[in-house]
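**Q** One structure is given below, represented as structure tokens, and several questions about it will come after.
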Amino acid sequence: MKKKLVSLLLVVVMIFSLCACGKSKETSTKKAETKAPDATTEATDDSATKTDTSASTLAYKGDLGIMHFSTSEESQGNGGSDGFRTTIASWEKKNPDISLKQTVLANADYKTQIATLAAAGDLPDVFLLQGMNTREWVKQGLVLDMTDYIAKSPYADKYDKSKFYPFTVDGKEYAIPALTGGTCTVVVYDAALWKEAGFDTFPDTWDKVKEASKYFKKKGIDTIAFGNGGKWQANSCFLSTLGDRFTGPEWFKSLVEKKGAAFTDQTFVDALKFTQDIFKSDVFNKDFNAITNEDAREYYISGDAAAFIGGNWDVSYIQATLKDKPLYNNTKFAVLPQPAGATGDTDSHNIGLGYGIAINAKLKDDPEKLAAAIDLAYTLTGPEFANYVTDKYALSSVTKVDNLDLSKFDQFTQDFYNYSYVDHKPCEIYDSLISSAVWDVLNTDLQSMLNGDISPEDVAKNAQAAYEKNY
Amino acid sequence: MLNSIRPKKWVIALYLLFPILLYVFAVFIPLITAGFYSFFDWKGGPNKTFIGLDNYATLIKDDVFWTSFGHNIYLVFACIIGQIGLAFIIVLMINSRLVKFKAIHRTFGFFPSTISAVYIGLIWLMFYDYKRGILNWFLELIGKGDQTKVWLNEPKLVMLLIAIPLIWQFIGYYMVIIISAISSVDQEIFEVAELDGANAFQRAIYVIVPLIKNTLLVCVTLCVAGNMKAFDHIFVMTKGGPGNDSMVMALYGYKISFAQQNMGYGSAISIGIFFVSLLVIGGVQFLVKMLTKEKGEI
């Protein structure tokens, strides 16, 4: 009897949970469906006026595959994703004879999947190439050389050529930078709290930050929230910018082009040493190595930290979450303070376009299909996309936009636009270049180093060994 | 007599064909191809360079791989003691006459092993959380606020801390096996032992353990095999960190193959995992055989 009761209970619980699953799925697909037509109509309005020229000039009929990571969930808060999806939808509409086969995965899954497909030599016709894979995949003959197509592009004169660097090997360009340019290192801070601590703006040296941390400690909150639980954050959102302050941009360029620079160079070791010291001081939340950036930004949002260091993806989340809350108007942006002993630029931040639209080298044998793929690449990176993300989100992409009216955006968006594109000096994002094999080794060691378990010299030595072996 | 109801050989073969094909496809082919790829310098893509045994030479000198192996062995020991040992004790407690609602205990004890390891990892991640976790909250509550730690960032503790969810998850699984082993023994034996004046501890050690020894040894083999392939909940909780302090072999192989895109060396690691696991499981089975033989002689 008892058994029967228990099993009945279990069955009921199971049925309920199944129902719940089913329902939530239904609503989510519905949401996606209702959202998509919306977006397309909007886009066609736009495109009808702006880019009518390319319509129906393509001879190709049939399937064209594309793989990307702008999922419908992602596009809710991320301007680049929204623009990407919208532009794809409008291209599809303009080319009814081409059936575009999209494979859309979340970013983390995309990286694994595309690497596996590359390993199998079975890449999709059109895909997003990550800067750091360029050299290896080009060596493998997987990626089409797009130099001539880029030169012949109808928008060639509007391209920001500096953004092509991660996709250039030996003077040849293999992708058109895609999505939106975003900073990977930004200090997001609560201006009201810092004013309380005696700073009108975010301090420009770390010593002043340490001074402020005494005040915040008394208040019972963290000075700066940071999350390195995924191991990549300390590299992408801290060291990549801080390293530039110590080494200057030439060092990294030389490392990328194999012109003699090494991880073991004193300036880089100094940057590592400084990183270790600053994380040892009380400036950051104590659990920085155990939580992710998603957790850390919640510390900021909930007021448990006076500032947060992260990337543009964190800022778009913070913006969406804080809207209509008092903290929204107090949130300001700053570059990393300058470390003592650093001789490089004082206001650099690492920004770029990490992915580019690339085309499978196999398409060379099918000129009509290739023309279609190239046209898709032009469209996805061209003015249609650029205008959309600039008008709607104040984001910039590889194609320059002539007239941007910032005044229609709120202060938060304006501030972040100025932070990203106007006020500060750009530097390279480390892990957009070189090779994942090097960064994986460095990131793992970096996490131990921040705990004080391995010395900066050893971190540099291991990274150099991985660099020599894999690059 | 037996032959008349025995199906024809080809019928048996046909029945077996599908599972065998599935097994060959899912286990043998990947194993053989991994073995093949492990002789190449292959960073993904169509170009591979044959480098003979170089990958294996690297593997033998690879500290991270052997540290990971050590961590797997640690998990094996922790889980043999934690999972099977605790399961045995809990079963004895449930079987005692004093405990009510036995079926409920059994059902809920088995619950965690039905949950995906990823969820288990996430649940325990919240448990260990520095600011909002129950563990630190409890320490504060009992006045030991100075003992609070960023638990998963402690290189010396992290292996123990990730072993605990694993133990918690699978206690119920071994409980069920042990319960069925005990219930298949004639209950009169336990009654006689009790009448003869053996206390609970003596009954457990001198009566129950010898009677279910074979089952316990099967449990040990299962436990070893299960822990050599530990991956999911560690991937969720620490990603092998801090540094490589909670790295296990499967996670390391995954990292090399996919995060570092070094398919050739990744394949060599898989083959390495296959062989060291075979050795460990083989060693345990050898021990098991020795132990059961002893019993046969008596």
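The values are calculated or read from the model by the stated rules, or taken from the named source; none is laboratory data. Owing to the predicted nature of the structure, the values given are computational and were not obtained by experimental measurement. Cβ: placed from backbone, ideal geometry, glycine included. Neighbour counts: every protein chain shown. Side chains are part of the model used for accessible areas, which takes the heavy atoms of the whole protein and leaves out ligands, DNA and RNA. Shrake-Rupley method; radii C 1.70, N 1.55, O 1.52, S 1.80 Å.
**Q** What single numbered condition from (1) closer than 12 Å to B:SER267 by Cα; (2) within 14 Å of chain A (Cβ to nearest Cβ); (3) open to solvent by 50 Å² or more (accessible area, probe 1.4 Å) fails to hold for B:ASP54?
**A** (1)
**Q** Condition test on B:LYS100, is it over 30 Å from A:ALA120 (Cβ atoms) and within 14 Å of chain A (Cβ to nearest Cβ)?
**A** Answer is yes for this residue.
**Q** For the range A:434-442, does any single residue satisfy the condition of being open to solvent by less than 60 Å² (accessible area, probe 1.4 Å), closer than 30 Å to A:ALA386 by Cβ and either more than 10 Å from every other protein chain (Cβ to nearest Cβ) or over 23 Å from the mean Cα position of the chain (by Cα) (or both)?
**A** Yes; the residues of the range A:434-442 include at least one that is open to solvent by less than 60 Å² (accessible area, probe 1.4 Å), closer than 30 Å to A:ALA386 by Cβ and either more than 10 Å from every other protein chain (Cβ to nearest Cβ) or over 23 Å from the mean Cα position of the chain (by Cα) (or both).
**Q** Which condition from (1) touching an Asp or Glu at 6+ places or on another chain (Cβ under 6 Å); (2) more than 12 Å from chain A (Cβ to nearest Cβ); (3) β-branched (Val, Ile, Thr) is the one that B:VAL150 breaks?
**A** Condition (2) is where B:VAL150 drops out.
**Q** Related question: Anything in the range A:212-243 that is more than 14 Å from every other protein chain (Cβ to nearest Cβ), open to solvent by 10 Å² or more (accessible area, probe 1.4 Å), of a type outside the set (Lys, Arg) and touching a residue at least 24 places away in the same chain (Cβ under 8 Å)? List them, or say none.
**A** A:SER213 - this is the single residue of the range A:212-243 that is more than 14 Å from every other protein chain (Cβ to nearest Cβ), open to solvent by 10 Å² or more (accessible area, probe 1.4 Å), of a type outside the set (Lys, Arg) and touching a residue at least 24 places away in the same chain (Cβ under 8 Å).
**Q** In the range B:202-243, what residues are open to solvent by 30 Å² or more (accessible area, probe 1.4 Å), assigned to a loop (DSSP other than H, G, I, E, B) and either modelled with pLDDT of 90 or more or within 14 Å of another protein chain (Cβ to nearest Cβ) (or both)?
**A** Listed by number, the residues that qualify are B:PHE231, B:LYS239.
**Q** I've got another one for you. Going through the range B:65-92 one residue at a time, which ones are open to solvent by less than 50 Å² (accessible area, probe 1.4 Å), within 18 Å of B:PHE235 (Cα to Cα) and polar (S, T, N, Q)?
**A** Those that are open to solvent by less than 50 Å² (accessible area, probe 1.4 Å), within 18 Å of B:PHE235 (Cα to Cα) and polar (S, T, N, Q): B:SER68, B:ASN72.
**Q** What is the number of the single condition among (1) at pLDDT below 95; (2) within 14 Å of another protein chain (Cβ to nearest Cβ) that A:ALA197 does not meet?
**A** Looking at each condition in turn, A:ALA197 falls short on (2).
**Q** Got a number for residues in the range A:130-160 being closer than 15 Å to A:TYR378 by Cα and either part of a helix (DSSP H, G or I) or open to solvent by less than 50 Å² (accessible area, probe 1.4 Å) (or both)?
**A** Of the residues in the range A:130-160, 15 are closer than 15 Å to A:TYR378 by Cα and either part of a helix (DSSP H, G or I) or open to solvent by less than 50 Å² (accessible area, probe 1.4 Å) (or both).
**Q** Modelled with pLDDT under 90, of a type outside the set (Val, Ile, Thr) and open to solvent by less than 40 Å² (accessible area, probe 1.4 Å): is that true of B:GLY272 in this structure?
**A** Considered against the rule, which asks whether it is modelled with pLDDT under 90, of a type outside the set (Val, Ile, Thr) and open to solvent by less than 40 Å² (accessible area, probe 1.4 Å), B:GLY272 comes out as no.
**Q** Name the single residue, out of those in the range A:161-177 being assigned to a loop (DSSP other than H, G, I, E, B) and touching a strand residue (DSSP E or B) at 6+ places or on another chain (Cβ under 6 Å), that is nearest to A:ALA373 (Cα to Cα).
**A** The extreme case among them is A:ALA175.
**Q** Still on this structure, please answer the following. Taking the stated definitions as given, is A:ILE291 surrounded by 20 or more Cβ atoms within 10 Å (Cβ to Cβ), within 14 Å of another protein chain (Cβ to nearest Cβ), over 24 Å from A:ASP347 (Cα atoms) and β-branched (Val, Ile, Thr)?
**A** The answer is yes for A:ILE291.
**Q** Between B:SER246, B:SER277, which is assigned to a helix (DSSP H, G or I), among the polar types (S, T, N, Q) and closer than 30 Å to B:SER38 by Cβ?
**A** Unique residue meeting the criteria: B:SER277.
**Q** If you don't mind, another one. Which of (1) in contact with a Cys (Cβ under 8 Å, 6 or more places away or on another chain); (2) closer than 21 Å to A:VAL315 by Cα does A:ASP345 not meet, given it meets every other one?
**A** Every condition holds for A:ASP345 apart from (2).
**Q** Whether any residue in the range B:281-295 is free of Cβ contacts under 8 Å to residues at least 40 places away in the same chain, open to solvent by 40 Å² or more (accessible area, probe 1.4 Å) and of a type in the set (Gly, Ala, Ser) is what I want to check.
**A** Looking through the range B:281-295, none of the residues is free of Cβ contacts under 8 Å to residues at least 40 places away in the same chain, open to solvent by 40 Å² or more (accessible area, probe 1.4 Å) and of a type in the set (Gly, Ala, Ser).
**Q** Among the listed residues B:LEU195, B:LEU160, identify the single one that is away from chain A (no Cβ under 14 Å), within 30 Å of A:LYS231 (Cα to Cα) and open to solvent by 30 Å² or more (accessible area, probe 1.4 Å).
**A** B:LEU160
**Q** Here's another thing I want to ask about it. Find the residue count for the range A:316-354, including only residues that are more than 30 Å from A:ASP270 (Cα to Cα) and open to solvent by 10 Å² or more (accessible area, probe 1.4 Å).
**A** So the answer is 13.
**Q** Taking the condition surrounded by fewer than 20 Cβ atoms within 10 Å (Cβ to Cβ) and more than 14 Å from chain B (Cβ to nearest Cβ), does A:ASP282 pass?
**A** Judged against the criteria, A:ASP282 is not a match.
Here's the yes/no breakdown for (1) small (Gly, Ala, Ser); (2) over 28 Å from A:THR86 (Cβ atoms):
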site: A:LYS325; (1), (2): no, yes
site: A:THR343; (1), (2): no, yes
site: A:GLY356; (1), (2): yes, no
site: A:ASN360; (1), (2): no, no
site: A:ALA377; (1), (2): yes, no
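**Q** Now a separate question. Looking only at the range A:92-114, which residues are over 14 Å from A:VAL126 (Cα atoms) and either of a type in the set (Phe, Trp, Tyr) or touching a residue at least 60 places away in the same chain (Cβ under 8 Å) (or both)?
**A** Passing the criteria: only A:ASN95.
**Q** Now, a different point. Is there a residue in the range A:186-198 that is of a type in the set (Phe, Trp, Tyr), out of contact with any Lys or Arg (no Cβ under 9 Å at 6 or more places or on another chain) and either crowded, with 19+ Cβ neighbours inside 10 Å or more than 29 Å from B:PHE235 (Cβ to Cβ) (or both)?
**A** no
Matching residues to (1) free of Cβ contacts under 8 Å to residues at least 24 places away in the same chain; (2) in a helix (DSSP H, G or I):
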{"residue": "A:ASP375", "(1), (2)": "no, yes"}
{"residue": "A:SER396", "(1), (2)": "no, no"}
{"residue": "A:SER407", "(1), (2)": "yes, yes"}
{"residue": "A:PHE416", "(1), (2)": "no, yes"}
{"residue": "A:TYR421", "(1), (2)": "no, yes"}
{"residue": "A:PRO426", "(1), (2)": "no, no"}
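**Q** Separate question: Could you grab me the full set of residues in the range A:146-180 that are over 30 Å from A:THR71 (Cβ atoms) and touching a residue at least 60 places away in the same chain (Cβ under 8 Å)?
**A** Passing the criteria: none in range.
**Q** Same structure again: Select from the range B:126-147 the residues that are part of a loop (DSSP other than H, G, I, E, B), charged (D, E, K, R) and open to solvent by 60 Å² or more (accessible area, probe 1.4 Å) and write down the one among them that is farthest from the other protein chains (Cβ to nearest Cβ).
**A** My answer is B:LYS144.
**Q** In this structure, is A:SER90 crowded, with 20+ Cβ neighbours inside 10 Å and touching a Lys or Arg at 6+ places or on another chain (Cβ under 8 Å)?
**A** Answer is no for this residue.
**Q** Next up: Could you please give the count of residues in the range A:160-213 that are in contact with a Leu (Cβ under 7 Å, 6 or more places away or on another chain) and under 16 Å from A:PHE308 (Cβ atoms)?
**A** Going through the range A:160-213 one residue at a time, the tally reaches 3.
**Q** For B:GLY44, which of the numbered conditions (1) at pLDDT 90 or above; (2) within 16 Å of B:ALA268 (Cα to Cα) fails to hold?
**A** Failing condition for B:GLY44: (1).
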